[in-house]
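The values are calculated or read from the model by the stated rules, or taken from the named source; none is laboratory data. Given the structure is predicted, the values throughout are model-derived calculations rather than measurements. Positions of Cβ are backbone-derived with ideal geometry, glycine not excepted, and every protein chain shown enters the neighbour counts. Areas reflect the complete protein model, heavy atoms only, side chains present, ligands, DNA and RNA absent. Shrake-Rupley method; radii C 1.70, N 1.55, O 1.52, S 1.80 Å.
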Amino acid sequence: MTITEDRYRMLLGASSALADQPTVKAVLQSLRGVLSSTSRLHGAELYVLSDDGESLSSFEFDRDPDAPAIKRGAKLLLTGLVAQVLDEQKPVFVRDLSAEMLVHPDMAPFAAEVTGRSTYLFPVSTAQKRYGILSTPKLQGQHFAPEDVEMLTALASHVAVALECALARDTAQLYHREVVKQRDRLSLLLEINNHIVNKLEADDLFQAVAGSMRKHWGNDLTSLWLFNKQSGRLERRFLDFPTGKGFLDKVNVVEPTKLWSEWSLLRTPQYYSPCGADIPPALREASRAESLLSAVLVPLMGSDGPLGLLTMCSRRADAFTEGDRDLLSQIGTQTSLVLENALAYGRLLASRDDLEEQKLYLESEIESEFNFEDIVGKSAALRKVLEQVAIVAPTSSTVLLHGETGTGKELVARALHNLSPRRERTFVRLNCAAIPSGLVESELFGHEKGAFTGALIQKRGRFELADHGTLFLDEIGDITMDLQPKLLRALQEQEFERLGSTKTIKVDVRLIAATHRDLEGMIRNNQFREDLFYRLRVFPIEIPPLRERREDIQLLVHFFVSRLSRRMQKRIRSVPRPAMEALVNADWRGNIRELENFIERCVILTQGDELNVPRAELNRSAGRTVIAVTSTFEQAERQAILDALKGASGRIAGKGGAAERLGLKRTTLQNKMRRLSITRADYSA
């Protein structure tokens, strides 16, 4: 009775000892400690049944130092005595442990080390589940007493319960870790979403997003690359690298490699090593200099194709795991939506600014009181011009209008635009003679902020305003020689750069040029480029002067009288026949512009309902015609400059030079000399 009480007392103590242990290994160690007073075990090994029930693997052990070094995870086949233990759920004695180990490939290499030893295999099971077997080998020459076997059988059941608790605890911890990980993922996504809602500026948004991702992953670098569809290149728009040494700062534009292109098609995050992957060489060398060891690339996809790439890099190897792929995909989706919206918003802003500038320009055009009415006249000379306009208007070819000042070249240009497929877009004009020569380039091509003194804001040029429309350059002959090559390139290539910028802007502009000057003579005097002349003279139209279309004067007089009398709130019903004859026979050197101004003076002088025409003034102007033919203002200016040059012995600048004699700057005088076709041969004699 005393022996039985001792056994029960020992079993109770073993149960208490096993119940107090936090891990399975501690349970096995306690098992050996409980039996040390009655039986000395050489070790205790627990083998757990796999999920598929096809094998057993070493789960935990507590061995003597001289025991075979069998590693955790070594497998036992479900055969022989091992299978018998699980099937019968009873202890099985293994007399020759060495022979049994030879049956199992993972154990066979250690068979020689256990020669002569024996063991007992105990089933480890609960009422709900079979977990595996417990092996308790003994040294050579030692035997298992019946009471030891009985005791170990009971303790194996306690081990099963402890194992069940340990596995449940591991499962709970794993579940807890997954819950924490999922919480962190959702927290990151929510944080990024809050940034998207609260940050209006793109730079502020991506800076905040990069900070959130760095807090979650501990990465060193975050960058955003956008795909430029026109150039086919990747352009870096954002870089967050607080600990960088500056090697990556210079790599802003790269050619996408084949590997990057393939990854974009996969639409899933890809892991790579920045120092060894097939990425642009400049980027690879900079990454090596920054000691970046691991990276992940997240393709950003829009509704119309790839937008760019979001990359994260770390100086730690394997900083990103497969478990992060799903989270990175969600971040990529969020970033793609934000990026696509931002790009669309940017395009809308640019379009709005463009339309606003066109609106302001058109308003200024309307305020400038230009005649937008139809061309008035029915003469043969005018009909010939209009026939040419009807032929060339539907095309996009360049047209050169030549004629005296005041003949209505701008009206013809507007007619060309209104009859063309571009009539729904903007008609933009620029008088090259009305703007200082130094500012013509800025007016044509625009400038960036700070490009020159006084450039306080960015300005779009006339070429940009006329995109998909028509650009009318009046007095094209007054463009300086240094600007002519740039204009030629803009016409041929349909591209240009703003002043102070290296970004090439592409446009689709139809050009109409006009001049009253002899461009061919200017070419002979090296004042106009021959290649530009031929580029402008694709379809030349000669605008006849008013004196060659006298049959139109009567129509024009009635037209101007009607319009001006309405403006001045007068009721003029007729023009006296003698006055009309005088108007028709007058020599209008200023052409239609002179006629319109003279009729306006007549309307002002008229008090009744019959136009008051001061015919004496027409006679005086006719008398002055002969003088005017030989002595225009330009000729007078040309003669004054020639006299000053001859008096200064041909010297332009310096003390006593022609510029000082005329009270002009050297550059101003030189510009006037080019405009008036003054060469050294004119004054050297």
For this session: Give the shape of segment 91-210 as rounded, prolate or oblate, defined through the alpha-carbon gyration tensor: a ≥ b ≥ c are the square roots of its eigenvalues, a/c under 1.5 means rounded, and otherwise the shape is prolate if a/b is larger than b/c and oblate if not.
Result: prolate
Seminar exercise, completed: So for R0 = 41 Å, FRET eff. of GLU610-LYS384 from the Cβ-Cβ r, to 0.05, ends up at 0.70
Problem set entry | Radius 10 Å from Cβ of TYR683, net charge of other residues (Lys, Arg +1; Asp, Glu -1) | 0
Problem set entry | Residue-level accessible surface for TYR120, protein heavy atoms, 1.4 Å, Å² | 40 Å²
Exercise. Cα-based Rg of segment 184-341 per 2.2 N^0.38 Å, rounded to two decimals?
Worked result: 0.96
Problem set entry | List ARG547, ARG462, ARG72, ARG651, ordered by accessible area with a 1.4 Å probe, largest first | ARG72, ARG651, ARG547, ARG462
Exercise. For segment 63-116, what class follows from the C-alpha gyration tensor (a ≥ b ≥ c being the square roots of its eigenvalues): rounded when a/c is under 1.5, otherwise prolate if a/b is larger than b/c, else oblate?
Worked result: prolate
Problem set entry | Cα gyration tensor shape for segment 516-590, rounded if a/c is under 1.5, else prolate or oblate | prolate
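Suppose R0 equals 41 Å. What FRET efficiency, 1/(1 + (r/R0)^6) with r the Cβ-Cβ distance, do GLU235 and ILE375 give to the nearest 0.05? Intermediate values should be presented prior to the final figure.
Details: r = 49 Å, r/R0 = 1.20.
E between GLU235 and ILE375, to the nearest 0.05, is 0.25.
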For this session: May I ask for the net charge around PRO274, where only other residues with Cβ less than 12 Å from the Cβ of PRO274 are counted and Lys, Arg are +1 while Asp, Glu are -1?
Result: -1
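Quick check: convex hull over the Cα atoms of segment 379-466, volume per residue in Å³, rounded to an integer?
On the way: hull volume 9.6 nm³, N = 88.
Cα-based convex hull of segment 379-466, divided per residue, equals 109 Å³.
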For this session: Would you work out the charge dipole size for segment 530-685 about its Cα centre, treating the Cβ of every Lys and Arg as +1 and the Cβ of every Asp and Glu as -1, and quote it to the nearest 20 debye?
Result: 580 debye
Exercise. To the nearest 20 debye, what is the magnitude of the charge dipole of segment 441-526 about its Cα centre, counting +1 on the Cβ of each Lys and Arg and -1 on the Cβ of each Asp and Glu?
Worked result: 260 debye
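What net charge do the residues around VAL94 carry, taking every other residue with its C-beta under 14 Å from that of VAL94, with Lys and Arg at +1 and Asp and Glu at -1? Could the numbers behind the result be given before it?
On the way: positive: LYS90, ARG95, ARG117, LYS138; negative: GLU45, ASP96, GLU100.
Within the 14 Å Cβ shell, the charges total +1.
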For this session: Please give, to one decimal in nm, the separation of the simple spin-label points placed at ASN228 and ARG72, each 7 Å out from Cα toward the Cβ.
Result: 5.5 nm
For this session: Could you point to the residue in LEU328, PRO280, LEU309 farthest towards the positive end of segment 272-328's charge dipole, with +1 and -1 charges on the Cβ of Lys/Arg and Asp/Glu respectively?
Result: PRO280
Exercise. Can you give the FRET efficiency for ASN194 and CYS165, using 1/(1 + (r/R0)^6), R0 = 45 Å, r = Cβ-Cβ distance, to the nearest 0.05?
Worked result: 0.60
Exercise. With every protein chain kept in the model, how would you rank LYS449, LYS486, LYS250 by accessible area, 1.4 Å probe, largest at the top?
Worked result: LYS250, LYS449, LYS486
Problem set entry | Antiparallel content of DSSP bridges confined to segment 445-594, in %, to 5 | 45 percent
Exercise. Using unit Cβ charges (K, R positive; D, E negative) and no other charged atoms, how large, in debye to the nearest 20, is the dipole of segment 517-564 about its Cα centre?
Worked result: 140 debye
For this session: Ignoring everything but the protein chains, give the 1.4 Å probe accessible area of LYS90 in square angstrom, nearest 10.
Result: 120 Å²
For this session: Provide the gained length on full extension for the span ASP52 to ARG325, in nm with one decimal, where the gain is 0.36 nm per separating residue minus the Cα-Cα distance.
Result: 95.4 nm
